[in-house]
1. How large is the Kirkwood hydrodynamic radius of chain B, counting all unique pairs of alpha carbons, in Å?
2. At what distance in nm do the modelled label points of residue A:154 and residue B:183 sit from each other, each positioned 7 Å from its Cα along Cα→Cβ?
3. State the extension gain, in nm to one decimal, for the chain segment bounded by residue A:195 and residue A:135, taking 0.36 nm per residue of separation less the distance between their alpha-carbons.
4. Which percentage, to the nearest 5, of the DSSP beta bridges contained in the protein assembly as shown is antiparallel?
5. What does the average come to when, for each residue of peptide B:45-57, you count the partner chain Cβ atoms lying within 10 Å of its Cβ?
6. Report the calculated FRET efficiency for residue B:4 and residue B:210 (r = Cβ-Cβ distance, R0 = 25 Å), to the nearest 0.05.
7. What's the exposure ranking of A:313, B:89, going from fewest to most Cβ atoms within 10 Å?
8. What's the ranking of B:50-59, B:148-157, B:26-35 by average number of surrounding C-beta atoms within 10 Å, highest first?
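We did not get these values from a lab; they are worked out from the coordinates using the rules stated. Remember, it's a predicted structure, so these values are computed and weren't measured experimentally. Because the Cβ atoms are built from the backbone with ideal geometry, glycine has one as well, and the counts that use them run over all protein chains shown.
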C-alpha cells in the first residue's frame, strides 16, 4: 500500500503542479538558510495576504467570467474602513491599555472591513454588473473588463475627492514585544496578519469544498447550464460570489493597514500581484491560487533580496510571459469554461 | 395529467423553430418524441425545462403554468432534465455531481437515501464515486447524468438524446438503465433519433417534423404506420 502512495507521489512530482510546489518549498528553504530565516517569514506573510486577494479574483473569473481590474479598490475600501474604525479604538486603547479592547479591537476593524467590502461588492453587482448582464451578454468578457477598469478609476477618484490623497495609516494593531520564532523576531502585527490569512484561507477552502453553497459556486463555474438544471439559482450565486470575493480583498486591505496605509491607489500593487498569481496558477482555479500566491510572494521576496527592490515587479512579469508562452492554462490548469461568454 | 404542453412556440432569438407543438404525458407513462435532425426535439425539451423561454403557448406541469419560469424554479417543482450535452461538473467527483443533483433537497438524510438509491440503480457509479466526472467514459457519463437527474426525486424525467455519440453496446446500456427507472414507476419523456429502438420500448410517441407534431399515437401503432416506416425506417 505504501508503495502505491510512493508511486502516486512520484507521478505528482513530475506534473507541473507538483514540481513547482516542491521547487518553491526547496528554494524558500535554501534561500532562508543562506540569507536568513526572515526571507521565509516575509514570503509566508506576503503569500498569505496575496492568497486572499487572488482567491477573490479567481472566484470572480471562474464564476462570473469577469476579468476584475477593480479588485484592488476593494482592498483600498477595506483599508479605509479599517482605518476609520480602528482610529477611535486605538485612542480608547491608549487611554485604557489593559482593557480587552486592545486584544480584539483590531479584529473588530478587520471584520468591519470585510463587511463593508461585501456590501460594496453587492452594490457594484446591483449597479454595474447586473444591469450589463441583463442587457446583453454578447462580448461579455471584454465589456465587463472595461467596466471594471472604469469602476477602478471611479473608486480611486472618489477616494481622493472624499477622503483626500494623504496617507491614512496606523502605527500598529497589536502593541507588545515581537514574537520570536527560531531566532527571528516577527512583530505581532505581522504574525497576526499571517494567522488571519491562514485561518480565512482555511475556512474558505472548507466552505468551497464541503458546503452546499460552496459546491454550488464551483458548479456554476464549471457548467452554468448544469447548475441551472439541478436547481441552483444563478442570480443568488452570482451575488454571493461577488460579495465573498470583495470581502476577501477588503479583509486583506484591512489587516495589512499597518504595512500599507490607505491612500487612493493603494490597491494597485496587490491587484497586479494577484493577477500574476491568477495567470501563473490557472484562471479560475481556486485552490491553485493559494499555492500560486506563495510562489509569487517568494519570487518577489527573492528578487528584492538578491536583485534589488526596484525589480520586484519585473521578475514576476517576465515569469508570467514565459508561463503564457509555454503553459497558457497555468500551472494548475484552468477551470474557466466561458460561462457567460458563449 | 402530469405534463400538458399546448400550442408551444419556441426558438432562438428571432429564429422560431417550434410551431404550435402540443403534447401530454400521464403519470407513470414512458413517452418519446422522435424525428429527424433539426426537427426541434431538443428545442422542445429545452423549452419545457426553461432553458429557453417560450415565445407562445402554455406548459402546464402538475396543474401549474411553468412557461417562462427560471430553470431552477422548474426543477424545484419536480421536473428533471438530462440534457444531450449532459452538462456534468467535470472537475467534481461522481459523488459530488450526484449530491449536486440533490441540491433542492435540504435534508441530509434524504440526500443520502437518494444517493444509495442511485448507486443501487447504477452500481458502476458506486464503484467510481471518487473519480472525477470529466475522466469517465462516454457511457458512464451518460449514466451519471441520468443518475444526477434522479437525485432530486423528480416526478418527471426529461431525457434528451441519451444515445448520442455512444457505441452500440453503450446505447443498449443506456436504454437498459431507462428501463430500470421506468420499472420503478418514474415518468419519462425521451427524445431520440434512434427511432426503431425507441418505439420498441416506449408506450406512446410523438413524431416531430419541421417544428410541428406530425403524428402521435401508441408506439406499436407508430412502428407500423406507413409514413413512419417510409421516412424513418426506410421500408
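1. Working: mean 1/r = 0.0555 Å⁻¹.
Hydrodynamic radius (Kirkwood, Cα pairs) of chain B is 18.0 Å.
2. 6.1
3. So the extension gain works out to 17.3 nm.
4. Antiparallel: roughly 60 percent of the beta bridges in the protein assembly as shown.
5. Values: counts 0, 1, 0, 0, 3, 2, 3, 0, 0, 0, 0, 0, 0.
Neighbouring Cβ atoms belonging to other protein chains average 1 per residue here.
6. Details: r = 23 Å, r/R0 = 0.91.
Computed FRET efficiency for residue B:4 and residue B:210 comes out at 0.65.
7. Values: A:313 14, B:89 25.
The fewest-first ordering by Cβ neighbours comes to A:313, B:89.
8. Values: B:50-59: 18.1, B:148-157: 22.2, B:26-35: 20.4.
Result, highest mean first: B:148-157, B:26-35, B:50-59.
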